[in-house]
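Undergrad: So that we are looking at the same thing, I have put the structure below in structure tokens.
The values are calculated or read from the model by the stated rules, or taken from the named source; none is laboratory data. Source: prediction; values computed, not measured. All Cβ positions, even for glycine, are placed from backbone atoms using ideal geometry, and neighbour counts span all protein chains on display.
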Amino acid sequence: MSKFLLVTDLDSTLVGDNDALQRLNSWFKQHRQTYGSKLVYATGRSLKSYERLISHTALPEPDVLIASVGTEIYYPGNELDENWSSLSSQNWDRASIAVVVEQLSQLVAQPGSEQRPFKLSFVLDEEDASVLSELEAQLIAQGLEAELIYSHGHDLDIVPRKINKGSAVTYIRQAFKFTAEQTVVCGDSGNDIALFAANQIGIIVGNARRKLLQWHQDNFEGNAQQFPLSGH
Ligand code: GLC
Ligand code: MG
């Protein structure tokens with residue numbers, strides 16, 4: 001083996017099976033020391049919410065934390081990548097987007113900790129998801145640039161255009177000088193689609209959500225290897 005960049009989502013991808021996580025932890029620790037591989041978490045969670053998770057889950061410290069669906073990048077010591085934040089701020093009019101959203105009663109705001117400078121987040125029931133095309137049309141009509149990311153048939157994130165987990169990984173990959181062939185991404189749900197779209201090598205976990213599986217089927221049918229699940 002040689003060094004590689006391991007990029008993984010947290011909830012329902014890396015986290016969820018403590019025994020398996022422990023095994024992976026010790027293997028990766030060894031690998032990291034021997035080969036200089038790097039670990040990147042790419043999560044929808046804010047830094048605060050990530051800190052809540054690590055307070056009760058034994059996770060190895062990552063070299064990079066991509067938080068809030070790709071809109072924030074942190075290095076050890078919670079050092080924010082200001083350059084990435086300034087890229088995220090381009091053509092981003094958060095206040096005007098909030099005004100548009102206020103008129104759509106189907107969108108219920110998530111807790112304050114998940115509302116971030118470059119991310120507005122809501123709960124949206126799957127049966128009301130048709131409102132997404134209306135929201136998109138209104139944003140376009142008002143010349144507001146944004147990307148809508150819908151996950152778990154439940155969470156809606158509104159983020160700057162071209163800012164997502166995938167573009168954040170490309171940025172990190174270049175900064176850390178890893179090639180596409182040395183980069184592996186892992187995920188389970190809608191907000192991970194950008195990870196798979198921007199990278200060549202990916203692992204969709206066995207418990208992946210329908211939206212991601214559907215996206216994969218639509219784009220890559222026939223190109224993936226499937227591994228049988230043991231005991232899950
Ligand atoms: C995490 C975040 C939430 C987001 C969801 C999907 O749960 O806390 O704000 O909507 O991921 O990206
Ligand atoms: Mg997940």
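Undergrad: Could you say which residue among 120, 144, 135, 156 is touching a helix residue (DSSP H, G or I) at 6+ places or on another chain (Cβ under 8 Å), more than 19 Å from residue 50 (Cβ to Cβ), outside any helix (DSSP H, G or I) and away from ligand 2 (no atom under 16 Å from the Cβ)? It would help to see each step written out before you state the result.
TA: Working: 120 fails: more than 19 Å from residue 50 (Cβ to Cβ); 135 fails: outside any helix (DSSP H, G or I); 156 fails: away from ligand 2 (no atom under 16 Å from the Cβ).
The unique qualifying residue is 144.
Undergrad: Taking the conditions exactly as written (surrounded by 14 or more Cβ atoms within 10 Å (Cβ to Cβ), on the phi > 0 side of the Ramachandran plot and not assigned by TED's automatic domain parsing to the domain that holds residue 146), does residue 77 satisfy them or not?
TA: Against the criterion (surrounded by 14 or more Cβ atoms within 10 Å (Cβ to Cβ), on the phi > 0 side of the Ramachandran plot and not assigned by TED's automatic domain parsing to the domain that holds residue 146), residue 77 does not qualify.
Undergrad: Looking at segment 70-80, is at least one residue under 27 Å from residue 3 (Cβ atoms) and within 16 Å of ligand 2 (Cβ to nearest atom)? Walk me through how you get there before you give the answer.
TA: From segment 70-80, those under 27 Å from residue 3 (Cβ atoms) are 70, 72-80; that's our starting set.
With the extra rule that they be within 16 Å of ligand 2 (Cβ to nearest atom), the set shrinks to 70.
Within segment 70-80, one or more residues are under 27 Å from residue 3 (Cβ atoms) and within 16 Å of ligand 2 (Cβ to nearest atom).
Undergrad: Looking at segment 173-197 only, could you name the residues that are crowded, with 22+ Cβ neighbours inside 10 Å and away from ligand 2 (no atom under 15 Å from the Cβ)? Please lay out each step first, then the result.
TA: At the first step, the residues of segment 173-197 found to be crowded, with 22+ Cβ neighbours inside 10 Å are 183, 185, 187-196.
Correct list: 183 only.
Undergrad: Residues being of a type outside the set (Asp, Glu) and free of Cβ contacts under 8 Å to residues at least 12 places away in the same chain: count how many of those fall in segment 33-65.
TA: Residues of segment 33-65 that are of a type outside the set (Asp, Glu), as a first pass: 33-50, 52-60, 62, 64-65.
Subsequent filtering for residues that are free of Cβ contacts under 8 Å to residues at least 12 places away in the same chain retains 33-34, 52, 54-56.
So the count comes out to 6.
Undergrad: Follow-up. Quick one: in segment 43-65, of everything that is away from ligand 1 (no atom under 13 Å from the Cβ) and in a loop (DSSP other than H, G, I, E, B), which residue is modelled with the lowest pLDDT? Working first, answer last.
TA: Here is the first cut: in segment 43-65, the ones away from ligand 1 (no atom under 13 Å from the Cβ) are 54-65.
Next, only the ones that are in a loop (DSSP other than H, G, I, E, B) stay: 57-63.
Values: 57: 92, 58: 89, 59: 92, 60: 92, 61: 93, 62: 96, 63: 97.
So the residue we want is 58.
Undergrad: Of the residues 148, 139, 107, only one is away from ligand 1 (no atom under 16 Å from the Cβ), modelled with pLDDT of 95 or more and outside the structural domain of residue 14 (by TED's automatic domain parsing); which? Talk me through it step by step, then tell me what you get.
TA: Numbers: 148 fails: away from ligand 1 (no atom under 16 Å from the Cβ); 107 fails: away from ligand 1 (no atom under 16 Å from the Cβ).
None of the other options fit; the residue is 139.
Undergrad: From the set of residues in segment 66-112 that are in contact (Cβ under 8 Å) with a residue 60 or more places away in the chain and in a loop (DSSP other than H, G, I, E, B), which is nearest to residue 172 (Cα to Cα)?
TA: This residue is 71.
Undergrad: Does residue 82 fit the bill of being closer than 25 Å to residue 212 by Cβ, exposed (fewer than 15 other Cβ atoms within 10 Å of the Cβ) and not aromatic (Phe, Trp, Tyr)? Steps first, answer last, please.
TA: On the way: closer than 25 Å to residue 212 by Cβ: no; exposed (fewer than 15 other Cβ atoms within 10 Å of the Cβ): yes; not aromatic (Phe, Trp, Tyr): yes.
When the stated conditions are applied, residue 82 does not pass them.
Undergrad: Just one of (1) under 23 Å from residue 145 (Cβ atoms); (2) out of contact with any Phe, Trp or Tyr (no Cβ under 7 Å at 6 or more places or on another chain); (3) more than 16 Å from ligand 2 (Cβ to nearest atom) trips up residue 55, so point out which.
TA: Condition (1) is where residue 55 drops out.
Undergrad: With respect to residue 32, determine if the residue is more than 23 Å from residue 110 (Cβ to Cβ), surrounded by 11 or more Cβ atoms within 10 Å (Cβ to Cβ) and among the basic types (Lys, Arg).
TA: Numbers: more than 23 Å from residue 110 (Cβ to Cβ): yes; surrounded by 11 or more Cβ atoms within 10 Å (Cβ to Cβ): yes; among the basic types (Lys, Arg): yes.
For residue 32, the condition - more than 23 Å from residue 110 (Cβ to Cβ), surrounded by 11 or more Cβ atoms within 10 Å (Cβ to Cβ) and among the basic types (Lys, Arg) - is met.
Undergrad: Considering only segment 216-232, state which residues are in a helix (DSSP H, G or I) and either modelled with pLDDT under 85 or closer than 15 Å to residue 186 by Cβ (or both). So that I can check it myself, show each step before the final result.
TA: Taking segment 216-232 and keeping what is in a helix (DSSP H, G or I), we get 216-220.
Once the filter is applied, which keeps residues that are in a helix (DSSP H, G or I) and either modelled with pLDDT under 85 or closer than 15 Å to residue 186 by Cβ (or both), segment 216-232 yields 216, 220.
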